[in-house]
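Q: First, the structure itself, so that you have it in front of you.
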Amino acid sequence: MADVIVNKVAESGLISFDLETLYPQQTRKVFDLKDHLFMGLILKEKDFRAALLQIDWNEYKDAAVAITCSADAIIPMWAYMLVVSYLEPVASTVFFGTEEQMIQSLLLKNIDGVNAEEYADKRVVVKGCGDVAIPEAAYVAITQKLRPVAKSIMYGEPCSTVPIYKKK
């Protein structure tokens, strides 16, 4: 009699949840006000307005754009507002902060759109490793989303998991 290889992971009823599938796919760009500062320190209104008129805003078409200032400078609020007024007609979304903060915000928005009821009374493994660095906030958000409905939540890979939550 030949030994039959049984895939116990496949028969376990575990559902793998890969946060990479929710990672923002749209083009992402950063608009850094540092590039428009006088001597890298001061924002002069007249020069700033003139510089914005020279920008080809179509370069940001359909992109998610993070507005930031990587220089240690005091930027008046109206400067950010002015940049948004140019970006809003062309960009898919405009965000204040670094590119990493924007990615996290977009990822959390995608997690918010997950239908948790699809995981009701299921054993869910939130995938831990992958090709893309997933921010910690995403793991917090998906746990909050799934805990009220899932039978259990684990972290890792189906063959090697860390238990997180089990419904009693």
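Q: Taking the criterion of being touching a Cys at 6+ places or on another chain (Cβ under 8 Å), under 18 Å from LYS34 (Cα atoms), among the β-branched types (Val, Ile, Thr) and in a loop (DSSP other than H, G, I, E, B), would at least one residue in the range 83-103 satisfy it?
A: no
Q: Would you point out which residue out of GLY128, GLY113, GLY97 is at positive phi and either at pLDDT 95 or above or surrounded by 15 or more Cβ atoms within 10 Å (Cβ to Cβ) (or both)? Break it down into steps so the answer makes sense when it comes.
A: Working: GLY128 fails: at positive phi; GLY113 fails: at positive phi.
GLY97 is the lone residue from the list that is at positive phi and either at pLDDT 95 or above or surrounded by 15 or more Cβ atoms within 10 Å (Cβ to Cβ) (or both).
Q: Any idea which of ALA51, ALA66 is more than 21 Å from GLN101 (Cα to Cα) and either within 19 Å of the chain's Cα centre (by Cα) or surrounded by 12 or more Cβ atoms within 10 Å (Cβ to Cβ) (or both)? Can you show your working first?
A: Values: ALA66 fails: more than 21 Å from GLN101 (Cα to Cα).
When all the criteria are applied, what remains is ALA51.
Q: Out of ILE75, ILE164, ILE111, ILE134, which single residue is touching a Ser or Thr at 6+ places or on another chain (Cβ under 8 Å) and either not aromatic (Phe, Trp, Tyr) or not assigned by TED's automatic domain parsing to the domain that holds TRP57 (or both)?
A: ILE164
Q: In the range 123-148, which residue that is in a helix (DSSP H, G or I) and within 16 Å of ILE15 (Cβ to Cβ) is farthest from the chain's Cα centre (by Cα)? Before you say what the answer is, go through the steps one by one.
A: Narrowing the range 123-148 to residues in a helix (DSSP H, G or I): 136-146.
Imposing the further condition that a residue be within 16 Å of ILE15 (Cβ to Cβ) reduces the set to 142-143, 145-146.
On the way: ILE142: 13, THR143: 16, LYS145: 16, LEU146: 18 Å.
Ranking the qualifying residues of the range 123-148, first place goes to LEU146.
Q: Could you please let me know if MET102 is over 30 Å from PRO158 (Cβ atoms), of a type in the set (A, V, I, L, M, F, W, C) and in contact with a Lys or Arg (Cβ under 9 Å, 6 or more places away or on another chain)?
A: Details: over 30 Å from PRO158 (Cβ atoms): yes; of a type in the set (A, V, I, L, M, F, W, C): yes; in contact with a Lys or Arg (Cβ under 9 Å, 6 or more places away or on another chain): yes.
Judged against the criteria, MET102 is a match.
Q: When only residues in the range 73-94 that are among the β-branched types (Val, Ile, Thr) and surrounded by 12 or more Cβ atoms within 10 Å (Cβ to Cβ) count, which is nearest to ASN58 (Cα to Cα)?
A: Restricting to residues being among the β-branched types (Val, Ile, Thr) and surrounded by 12 or more Cβ atoms within 10 Å (Cβ to Cβ), the top hit is VAL90.
Q: Being over 11 Å from ILE15 (Cα atoms) and either among the basic types (Lys, Arg) or touching a residue at least 40 places away in the same chain (Cβ under 8 Å) (or both) is the filter here; which residues of the range 101-120 pass it?
A: MET102, ILE103, LEU106, LEU107, LYS109, ASN110, ILE111, VAL114, listed by residue number.
Q: Inspect all residues belonging to the range 86-100 and state whether any of them is free of Cβ contacts under 8 Å to residues at least 12 places away in the same chain and either more than 26 Å from the chain's Cα centre (by Cα) or more than 30 Å from ALA141 (Cα to Cα) (or both).
A: no
Q: Of the residues VAL83, VAL162, which is farther than 22 Å from TYR23 by Cα, touching a helix residue (DSSP H, G or I) at 6+ places or on another chain (Cβ under 8 Å) and of a type outside the set (Gly, Ala, Ser)?
A: Details: VAL162 fails: touching a helix residue (DSSP H, G or I) at 6+ places or on another chain (Cβ under 8 Å).
On inspection, the qualifying residue turns out to be VAL83.
The values are calculated or read from the model by the stated rules, or taken from the named source; none is laboratory data. Values in this document were obtained by computation on a predicted structure and should not be read as measured data. Ideal geometry is used to build each Cβ from the backbone, glycine not excepted, and the neighbour counts take in all protein chains shown.
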